[in-house]
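One structure is given here, and the rest of the page talks about it.
Readers should treat all values here as calculations from the given coordinates under stated rules, not as data from a laboratory. All figures in this text were calculated on a predicted structure; none of them were measured in a lab. Counting neighbours? That spans all protein chains shown, and the Cβs are built from the backbone with ideal geometry, glycine included.
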Amino acid sequence: MSSSSSGSMRGGRTRRYKSDINVVPYIDVMLVLLVIFMVAAPLTNPGVINLPTAAKSTLPPTEYIQITLKIDSAASIGISGQKHGTGKSETAPNRKDLMQKLSAMHETNPDLPVMISAEKDIKYDEVIQVISEAKKFGINRVGLATKQ
């Protein structure tokens, strides 16, 4: 019986298996990836953004329909310019009423452009909606008022 038990044991010790993970290939792959990214990084420049350009208006219009949008969905609309002075401004409690007044003003003064000014914290979508509605009425010149 000692011969069968001595066959499975060498010198009285059990056989040990090597259970270490060989990380050398992983380090090689990581170094190759690092070199690839280091070479590719200077080729792309994310800091450069191509912005659209717009033509600068040399002279602002002398007369225009002024729309002032407020953050609480209220607005005011009136005609401003040299003939009308500051003009009489009407208030519109909502956007539907504003569009009706804009349509009426455009019918009486079809050649006047529209100037839109809005509060700083108003949603961008609301301004775009007003511009879109003005274009639907056939108003070709729509501008945005800015601080100077």
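Going through Glu126, Glu63 one at a time, which residue ends up being surrounded by fewer than 18 Cβ atoms within 10 Å (Cβ to Cβ), in contact with a Gly (Cβ under 7 Å, 6 or more places away or on another chain) and not aliphatic (A, V, I, L, M)?
Working: Glu126 fails: in contact with a Gly (Cβ under 7 Å, 6 or more places away or on another chain).
Sole residue among the options that is surrounded by fewer than 18 Cβ atoms within 10 Å (Cβ to Cβ), in contact with a Gly (Cβ under 7 Å, 6 or more places away or on another chain) and not aliphatic (A, V, I, L, M): Glu63.
Within the range 116-128, is there a residue that is more than 21 Å from the chain's Cα centre (by Cα) and within 16 Å of Glu63 (Cβ to Cβ)?
Taking the range 116-128 first, the residues more than 21 Å from the chain's Cα centre (by Cα) are none.
No - not one qualifying residue is present in the range 116-128.
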